[in-house]
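Each remark here refers to the structure printed beneath this line.
The values are calculated or read from the model by the stated rules, or taken from the named source; none is laboratory data. These numbers were taken from a predicted model, which means no experiment stands behind them. With ideal geometry, Cβ positions are generated from the backbone for all residues, glycine too; neighbour counts draw on all protein chains shown. What goes into the accessible areas is simple: the full protein's heavy atoms, side chains included, and nothing from ligands, DNA or RNA. Shrake-Rupley method; radii C 1.70, N 1.55, O 1.52, S 1.80 Å.
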Amino acid sequence: MLNKVPQITAIFWIIKVLATTVGETFADYLNTKLGLGLGPTSLIMSALFLVALAVQLTRKAYVPAVYWTVVVLVSVVGTLISDNLVDHLGFSLQTTSIAFAIALAVVFVAWWFSERTLSVHSIRTTKRELFYWAAILFTFALGTSAGDLLAEASGLGYAAAALVFAGMIALTAAAYYLLRIDGVLAFWIAYILTRPLGASLGDLLSQAQKDGGLGLGTTTTSAIFLIAIVALVLYLTVTRSDFVPAPDEP
């Protein structure tokens with residue numbers, strides 16, 4: 001197979017943040033606005049995610065629309081996993097953050113011992129792709145718990161939390177470009193941090209002003225960000241600017 005994931009470009013990170021924001025707001029929209037509740041919402045979105053993932057696994061190369069559909073859905077599912085553990089089962093955000101961090105570490109260790117690489121530039125086998133999506137799922141779940149822990153449980157607020165995570169991403173970028181830290185390490189650190197950044201932005205935009213948000217609501221926020229994602233994915237489909245060349249191409 002050809003590489004099943006896109007090249008890491010500026011647009012990649014933009015869509016990633018947009019997708020994480022949708023994961024936060026759309027999960028809240030289904031759960032509270034439509035009144036489905038956490039249980040039914042989790043079942044519906046998990047089923048959609050598994051269907052989209054199955055389609056992604058059957059592709060032989062990167063397809064923007066399929067890939068980013070899976071990312072959006074896994075963002076929602078990761079949010080719901082964290083919310084179920086905290087709201088339904090009563091686990092604290094500290095506990096879930098630690099648990100998801102350990103689970104992510106286990107995935108990375110298993111991936112490394114199996115493939116001897118954690119690089120996203122060579123996702124050309126089904127095994128590597130399964131490791132990749134398992135890591136993605138736990139980064140979203142971890143980011144949800146860590147973001148809520150910093151923004152809500154600590155009382156820092158959504159705007160301040162977003163600035164903190166944006167600053168941490170900027171430090172990671174500086175360490176990569178200036179200190180030349182390992183690119184794979186920098187990628188995964190940034191990938192983990194963009195989840196709570198997007199979640200904090202989503203809550204900042206959607207939550208009521210009395211709760212520290214701007215009051216746009218989950219419907220409006222989700223719609224704006226979904227439209228932006230669709231527009232960018234269409235652009236990538238047409239321009240192929242993030243396609244990884246085949247081994248025999250320049």
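Taking a probe of 1.4 Å, how large is the accessible area per residue of region 53-109, in Å²? Spell out each step's value before the answer.
Details: 2400 Å² over 57 residues.
Ligands and nucleic acids excluded, the figure is 42 Å² per residue.
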Please compute the net charge surrounding Asn31, taking Lys and Arg as +1 and Asp and Glu as -1 over other residues with Cβ under 12 Å from its Cβ. -3
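What number comes out for the charge environment of Lys127, summing +1 per Lys or Arg and -1 per Asp or Glu over other residues with Cβ under 14 Å away?
That works out to +2.
Per residue, how much accessible area does region 142-250 show when a 1.4 Å probe rolls over the protein heavy atoms, in square angstrom? Intermediate results must be reported in sequence, preceding the final value.
On the way: 5620 Å² over 109 residues.
Dividing the accessible area of region 142-250 by its residue count gives 52 Å².
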Contour minus Cα-Cα distance for Ala223 and Ala159 (0.36 nm per residue): 21.0 nm
Tell me what the chain gives for mean residue ellipticity at 222 nm when only DSSP H runs of n ≥ 4 count, each as -39,500 (n - 2.57), the sum divided by the residue total, rounded to 500 deg cm²/dmol. -24000 deg cm²/dmol
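In the chain, what is the count of Lys pairs whose alpha carbons are under 19 Å apart, counting only pairs at least 8 residues apart or on separate chains?
Numbers: Lys4/Lys16; Lys4/Lys60; Lys4/Lys127; Lys33/Lys210; Lys60/Lys127.
Close lysine pairs under the 19 Å cut-off: 5.
When the accessible area of the chain is computed with all protein chains present and a 1.4 Å probe, what percentage of it is carbon and sulfur?
Carbon and sulfur atoms account for 71 percent of the accessible area of the chain.
For region 1-69, which trypsin sites (Lys or Arg not before Pro) are in a loop by DSSP, counting at most 10 other Cβ atoms within 10 Å? All intermediate terms of the calculation are to be shown ahead of the outcome.
Working: sites: Lys4, Lys16, Lys33, Arg59, Lys60; in loops: Lys4, Arg59, Lys60.
Hits after loop and neighbour filter: Lys60.
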At Ile98 and Thr58, where each label point lies 7 Å from the Cα along Cα→Cβ, what is the point-to-point distance in nanometres? 4.3
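Looking at the chain, do any whole DSSP H helices span at least 24 angstrom along their long axis by alpha carbon and average 0.5 or above on Kyte-Doolittle, and which? Could the numbers behind the result be given before it?
Working: long enough: 10-28 (28 Å, 1.18); 38-58 (30 Å, 1.78); 64-83 (28 Å, 1.63); 93-115 (32 Å, 1.51); 126-148 (33 Å, 0.44); 158-177 (28 Å, 1.61); 183-206 (34 Å, 1.20); 217-239 (33 Å, 1.86).
Result, helices passing both filters: 10-28, 38-58, 64-83, 93-115, 158-177, 183-206, 217-239.
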